[in-house]
Structures are given as structure tokens and as C-alpha cells.
There are 2 protein chains.
Amino acid sequence: MATLDMFTLTVPVFSRALNNLLHILQKAQAHVEAKQLDPAALIQFRLFPDMFPLARQVQIATDMSKGCVARLAGVEIPGYADNETTFADLIARVEKTLAFIASITPAQLADTADKEIVLPLRVRTLTFSGLVYVQSFAIPNLYFHITTSYNILRHNGVELGKMDFLGQ
Amino acid sequence: MATLDMFTLTVPVFSRALNNLLHILQKAQAHVEAKQLDPAALIQFRLFPDMFPLARQVQIATDMSKGCVARLAGVEIPGYADNETTFADLIARVEKTLAFIASITPAQLADTADKEIVLPLRVRTLTFSGLVYVQSFAIPNLYFHITTSYNILRHNGVELGKMDFLGQ
């Protein structure tokens, strides 16, 4: 029987999505090596001048994941330097995030659906319940930044398909 | 107190995401009118030759939503003709989908987390539990196709921001 709790709604979802992002980045890395491309041509690519480049998309996807489970669990959010310049760097960041997420236990997330989450953003502060934070902010943002990473790579000819995004 | 059930995991999530897609399409329609563009330049645009154009992205985002709640509820999936050629057509399709989703009640989705969902795809048949179907297929696909719609429009200069995707 499936249990619907805050752990089920977050940890396995983030873990699955980030594993798919990892796999996408590994394919991109192999593509760059096979074609002898400058990796920066992909890592710094933006779909429009005022959109974020690939590196920032990967940074935000991981930030959304570690920030969400850490805030719900009430533990410190691991800080990363945001200085990735190669595919190996980006892959290491996703792996580091996956390891942190895997350290969170169901007990740490018990009864967090109504927990008040205060999120200080650049322009204003958002306040959510735990459930609304997960459903209306963390998960849509996570998929937005993974999809945009995928789209940047697809737009540049990396051979990816929908199953790379969805996983098996 | 928040209730974690299959209704909470689907209907309000799809409704919110599709309302944001509606808003994005309305902004694109206004952009096309203001700049006197051929709407087909956006509606048929693909980020790469073997990716789907905007019209198909919107069709799939709506299909994922209506298919998911209908399969869980055990009601017939509304069939649409997939013949949208204008922004007005695409907007009408999203509105029609929102109305169908709003017709689904919590009672219809009660105890569907473990319901067997059989999904005949082009290449193979997928079998999921209700919960896995929602979390690993319907929701990632929904956000994938809405984000790709957003990226197609942003790439073509439509002035959108992250809040248009997330909603208020």
C-alpha cells in the first residue's frame, strides 16, 4: 500500500529527477568529447539573452531540491560555491545533492505539510505551508530547470529523448 | 490541516499549472497581435527539428492532465481533435481541459494510490500504480511540456518571466 506523506512527496521525487538530470549531463559530456567541442559553448548557452545559461539551470535545480528537503527537515542547507565551469563540475554538484537528499529520513519530514516555510527571495519574502511550498514552488521549479537544461542541450544537437528526462 | 490524498496530488496541481499555461498563451497572443506577426511562426516553432512544435507541446500538456485524472477516476477521457492552429484555439483547449479537471471530485479519486493504471504507448505498454503514475509520469510530463512551451516563446522574444510559469 502506498503511503502519502511528505517524504513520499519529496525525497524520491527529487532523487529520481536529479538522477535523470545526471544522466542527461553525462550524455552531454560524452557528446562534447566525441565532437571535440568547447564545453563552454553548451555550459554558457542561453535560449534567450536574459535567460540563465545551462550552468545556472543546473545550479538552481539542485538548490531547489536541497533547499526544500533541508527547510522541511529543519536542518542546515548545504552551501555550494556556484563555480561550476565543466560538465564534470556540474555532474559532481548533482551527485553531491543526491547524497544530501538521500541522508534525509521519513521521520525528519513527518508532519511538515503544515509547517511554515519562509523563503527570502531577492525581491520579496514568500511564506508557504510545507505542502504548498513543495507543490507550488519546489517541484515546478525543479522540473522547470531540468527541462530547460534538456532544451538547451537539445537545441544544440545533443541526442536526448523524452525517456532521458523521465527515466526508466 | 493539509490532507495528503490523491485529489490533493493531482486536481489542484494540474489546475494551477494549466492556468499558468493559459496565462502564458494569452501573453503570446497579445505579443503576436502587437507585433503583427504570423501566429504560425510561433505555433509551429520547434527548438530542434525533431522536437515537437508549440501546438503539440500544448496538446500533450493538456492530454497528460485530462488523461491522468480520468484514468484515476475511471471515467472516459475526453477526446480532442488535435487541430489547433491559432492561439485562440490553443487557449480554448486549455480552458476546456480546466473545466474537465474541475469536474472531478475528491470522492472519485479516493483510494487510487494503488489502483493499477495501464498506459498503452506507441512503442510499449506501461503499467503503474496510481501514485507512481502521477509522480513519475503525469506530473513530470505536464511540467516538461509547459516549460518547453515557455522556452519556445521566450526563445522567440515573447516577454515572459518565471512568475508567469509559477503563478502567484
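Cut-off is 10 Å between beta-carbons; in what order do A:Leu22, B:Leu54, A:Leu121 appear when sorted fewest neighbours first? It would help to have the intermediate numbers written out before the result.
Details: A:Leu22 18, B:Leu54 29, A:Leu121 7.
In increasing order of surrounding Cβ atoms, one gets A:Leu121, A:Leu22, B:Leu54.
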Expressed in nanometres to one decimal, the distance between label points 7 Å along Cα→Cβ at A:Glu116 and B:Asp114 is 3.8
For the protein assembly as shown, the charge dipole (Cβ of Lys, Arg +1; Cβ of Asp, Glu -1; about the Cα centre) points to a positive end, and the Cα of A:Val94, B:Ile43, A:Pro120 closest to that extreme belongs to B:Ile43
Listing B:Asp89, A:Asp111, B:Asp63 by rising number of other beta-carbon atoms within 10 angstrom, fewest first, gives A:Asp111, B:Asp89, B:Asp63
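Given a Förster distance of 41 angstrom, what is the FRET efficiency for A:Gln44 paired with B:Ala40, based on the Cβ-Cβ distance and rounded to 0.05?
Working from the Cβ atoms, E equals 0.85.
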Relative contact order of chain A (C-alpha contacts under 8 Å, at least 6 apart) in percent is 36
at A:Ala81 the sorted inter-copy label distances (label 7 Å from Cα on Cβ side), in nanometres, are 6.0
Note on segment A:31-96: alpha-carbon gyration tensor, axes a ≥ b ≥ c; rule is a/c under 1.5 for rounded, else prolate if a/b larger than b/c, else oblate; result prolate
Rounded to whole angstrom, the alpha-carbon centroid of segment B:1-52 lies from that of segment A:19-49 at a distance of 27
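Checking the a/c ratio against 1.5 first, then a/b against b/c, what shape does the Cα gyration tensor give for the protein assembly as shown? Display every interim value, and only then the final one.
On the way: a/c = 1.43, a/b = 1.01, b/c = 1.41.
Since a/c stays below 1.5, the shape of the protein assembly as shown is classed as rounded.
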The rounded separation in angstrom of the Cα centers of segment A:80-140 and segment B:102-143 is 25
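As a footprinting exposure proxy, order B:Arg122, A:Arg56, B:Arg154 by other Cβ within 10 Å, with the fewest listed first. Provide the component values of the computation, followed by the final result.
Working: B:Arg122 4, A:Arg56 19, B:Arg154 22.
Listed from fewest to most nearby Cβ atoms, that is B:Arg122, A:Arg56, B:Arg154.
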Here the residues of segment A:125-149 lying in the modelled label zone of B:Asn19, meaning backbone nitrogen under 19 Å from a point 7 Å along Cα-to-Cβ, are A:126-141
Taking a straight Cα-to-Cα line shorter than 16 Å from A:Lys96, and setting aside same-chain lysines fewer than 8 residues away, one finds A:Lys66
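Each reported figure results from applying straightforward, stated rules to the coordinates on display, with no laboratory input. As the structure is a prediction and not an experimental result, all values here were calculated from the model. Note that we place each Cβ from the backbone using ideal geometry, even for glycine, and neighbour counts take in every protein chain shown.
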